[in-house]
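Data block below; observations after.
Computed from the coordinates by the stated procedures, all read-outs in this text should not be read as laboratory data. If you're wondering where the values come from, they're calculated on a predicted model, not measured in any experiment. So basically every Cβ, Gly included, is an ideal-geometry build from the backbone, and we count neighbours across all protein chains shown.
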Amino acid sequence: MRRSKLFHASSFRLALLYACLFTASVPVLFAVTYWFATDYAVQDEQNEIGVEFASIQDEAQSSDDKRLAAIIDNHLRLRKDVRAAYLLQDPSGHRITGNIDAMAPIIGPTILQRVLDGDMRQIRAEGYRLQNGDYLLVGQDTATLRQMRALIVRAFGVGLVFTLLLAVLGSAIVSTTVLSRVEAVSRTALAIVGGDLSQRVPVRGTDDEFDDLAASMNTMLDRIEDLMRSMRQVSNDIAHDLRTPLTRLRQRLEHAHRRAHTVEELHEALGHSIAQVDSILETFGALLRIAQIEAGGRASGRTAIDVSKLLSAIVDDFAPAAEDHGQSLVAEIDRDLRVSGDPELLTQMVVNLVDNAIRHSPSGARISVQAKSAGDSLELAVSDTGPGIPAQEWENVLRPFYRLEASRTTEGSGLGLSLVAAIAKRHHAKLSLGDNAPGLRVAVLFPQTA
């Protein structure tokens with residue numbers, strides 16, 4: 001199966017195509033090399049023939065022309081290793097000396113087929129007409145050129161075979177490497193489809209594009225696992241925390257159905273039931289808002305927000321409610337503070353914090369809304385002098401539906417701080433809970449906008 005996948009893999013086909021294109025360049029390289037090498041060898045042979053003729057002429061001019069035959073015989077002995085060919089014949093066509101038979105004179109360069117040293121050979125030669133009318137042919141066997149050509153052909157033939165083998169082998173290696181990385185991603189995906197959300201794509205540390213892809217996918221899988229864990233937690237919390245109000249609602253309606261004898265009693269039962277339904281709908285609305293924020297929805301776009309004005313307006317709106325509870329709501333806000341974010345979500349976050357502080361603080365408590373610059377960041381905080389939250393519970397209260405025992409008798413669904421945490425995360429802000437000594441201090445640290 002692995003071999004079948006290898007030969008059907010796109011990476012193998014692409015690598016093989018590249019290898020074929022590379023192999024196709026070998027004949028082109030062969031043709032160019034063959035042509036240049038042959039041309040060089042032919043020119044070298046012609047130059048050697050010209051040099052040999054010039055040497056014979058020089059020797060003949062420095063002595064009697066009658067010694068030309070002896071000079072040629074001497075050159076024939078000296079150049080026997082290259083199978084030199086010479087022919088000197090008179091104007092009537094009779095051979096005077098040389099190692100090839102008499103022939104019709106050919107002036108200039110030529111290629112001949114003549115018997116040389118007892119064998120028929122190809123000879124590259126050049127014919128000259130001398131001043132006394134004699135005909136001189138100087139040449140040499142082209143065996144060296146033919147051997148060089150044959151050697152080039154053999155070398156490129158062997159090279160082509162090895163190139164093809166290496167091309168196929170290289171394609172298989174490249175495809176196997178790519179296929180193994182792709183199969184690792186596929187195995188991880190199948191494991192996740194099977195329900196194991198803890199699986200991750202292995203990173204080899206090669207810092208290549210596959211590692212970049214694996215890192216990106218692992219980040220995505222981490223996010224998916226967080227969302228699934230959150231969804232399971234919310235589902236469990238819904239099943240646990242909404243069962244009681246729904247059961248209470250059913251019992252109230254059943255009681256009204258069976259025991260209400262007057263219209264007033266029925267209206268009273270229906271009023272309590274409607275209030276209970278409104279509370280349940282409010283809980284579902286808060287859950288929906290948290291889900292939309294965590295999923296990246298419910299955003300009107302990030303804009304530069306004047307935090308100073310936004311907080312001042314919220315403090316003004318909630319001041320009467322705090323007075324009704326016998327509490328004081330104060331603002332400690334620096335001027336001209338700005339952050340980039342969603343105005344609606346940031347308003348919802350601050351409203352939840354202030355509402356929680358008012359709801360869970362006793363009469364006489366002091367509630368403070370603060371905002372100030374903190375280096376390159378902006379710190380927004382809501383603190384109170386109420387009963388506070390134990391340090392070991394700070395992380396727990398950020399979970400949906402989690403409520404302290406002391407607060408179970410008060411109104412609320414336990415989703416206020418969860419919504420605050422979701423909005424802070426959406427704005428890449430850092431949420432922290434602290435001891436206000438006494439009371440609770442909730443701080444959100446935002447990247448500040450200039």
When the Debye formula is applied to the Cα atoms of segment 133-201, each taken as the same point scatterer, what base-10 log of I(q)/I(0) results at q = 0.17, 0.18, 0.21 Å⁻¹? -0.80, -0.83, -0.91
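Quick check on packing: order 105-111, 388-394, 85-91 by the mean number of other C-beta atoms within 10 Å, highest mean leading. Before the final figure, lay out the partial values.
Working: 105-111: 12.3, 388-394: 14.0, 85-91: 19.6.
Sorting 105-111, 388-394, 85-91 by mean packing, highest first, produces 85-91, 388-394, 105-111.
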Going 7 Å from the Cα of A143 along its beta-carbon direction, which residues of segment 91-134 have the amide nitrogen within less than 17 Å of the resulting point? 99-100, 112-125
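Give me the compactness ratio for segment 84-150, meaning the Cα radius of gyration over 2.2 N^0.38 Å.
Working: Rg = 12.3 Å, N = 67, 2.2 N^0.38 = 10.9 Å.
The reported ratio for this selection is 1.13.
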What is the distance in Å between the Cα centroid of segment 87-154 and that of segment 202-223? 74
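Under 14 Å from the Cβ of A31, count the other residues' Cβ atoms, weight Lys and Arg +1, Asp and Glu -1, and hand me the total.
Values: positive: R149; negative: D39.
So the environment of A31 carries a net charge of 0.
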Find the all-direction average of the projected area of the Cα convex hull for segment 1-181, expressing the result in square nanometres with one decimal place. 14.3
Taking the simple approach of a point 7 Å from Cα along Cα-to-Cβ for both Q43 and R187, what is their distance in nm? 6.1
For segment 303-447, compute Rg over Rh where Rg is the Cα radius of gyration and Rh is the Kirkwood radius from the inverse mean 1/r over Cα pairs. 0.94
1/(1 + (r/R0)^6) with r = Cβ-Cβ of V32 and N218, R0 = 45 Å, i.e. FRET efficiency to nearest 0.05, evaluates to 0.35
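Could you sort 339-350, 247-258 so that the peptide with the highest average Cβ count within 10 Å comes first and the rest follow in order? Present the calculation step by step, with values, prior to reporting the outcome.
Working: 339-350: 20.1, 247-258: 12.5.
Descending packing order for the listed peptides: 339-350, 247-258.
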